[in-house]
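Data block below; observations after.
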Amino acid sequence: EQNANDAAIQASVFETHNDVFVMIPIKDPEWLKMMKLFYTSNQLIIEHIPQHGNKQTVTLPSIVKRKGATAHLKDHVLEVRIPKNIDMQYSEIDIKEIY
């Protein structure tokens, strides 16, 4: 595990009604050639910046959809937009038999 202070990218996260946004400052244009982005239902994984082999996980504030994420570069900030999964599927766990 690398020293978190040296390698941590100061990504900022916010959400709207429909989307979760992650803003990643890009200090070096070469980062865009090296970096890889992945996401799960509740995390964004940033790999290979600032150094090859670095990995950082950003926890998302909402559950997001598996498809439909986009990324755009604006003023040295990579804006990642991931649609929220509004259809929150949850199931009740029956605990009546416990007592």
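The values are calculated or read from the model by the stated rules, or taken from the named source; none is laboratory data. What you see is a predicted model; the values in this text were computed from it and never measured. Every residue, glycine as well, gets a Cβ built from its backbone with ideal geometry; the counts of neighbours run over all protein chains shown. Remember, those area values only see protein heavy atoms, side chains included, never the ligands or the DNA or RNA. Shrake-Rupley method; radii C 1.70, N 1.55, O 1.52, S 1.80 Å.
Here are a few things to note about the model shown:
- Every test in (1) in contact with a strand residue (DSSP E or B) (Cβ under 9 Å, 6 or more places away or on another chain); (2) open to solvent by 30 Å² or more (accessible area, probe 1.4 Å) is passed by ILE98 save one, and that test is (1).
- Test for ILE24: is it open to solvent by less than 30 Å² (accessible area, probe 1.4 Å) and under 12 Å from the mean Cα position of the chain (by Cα): yes
- Criterion (under 15 Å from PHE14 (Cα atoms), open to solvent by 40 Å² or more (accessible area, probe 1.4 Å) and not β-branched (Val, Ile, Thr)) met by exactly one of ARG66, ARG81: ARG81
- Residues of region 6-21 classified as among the small types (Gly, Ala, Ser), surrounded by 15 or more Cβ atoms within 10 Å (Cβ to Cβ) and under 13 Å from the mean Cα position of the chain (by Cα), total: 1
- Residues of region 33-56 satisfying the condition of being under 12 Å from the mean Cα position of the chain (by Cα) and under 17 Å from HIS76 (Cα atoms): LYS36, LEU37, ILE46
- Failed item, numbered, when PRO61 is tested on (1) under 15 Å from the mean Cα position of the chain (by Cα); (2) modelled with pLDDT under 95: (2)
- For GLN51, the conditions (1) in contact with a Phe, Trp or Tyr (Cβ under 7 Å, 6 or more places away or on another chain); (2) open to solvent by 100 Å² or more (accessible area, probe 1.4 Å) all hold with the exception of (1).
- Residue pairs whose Cβ atoms lie under 8 Å apart, separated by 6 or more positions or on different chains, with the first residue in region 35-59 and on the phi > 0 side of the Ramachandran plot and the second open to solvent by less than 40 Å² (accessible area, probe 1.4 Å) and of a type outside the set (Phe, Trp, Tyr), are HIS48/MET35; HIS48/ASN54.
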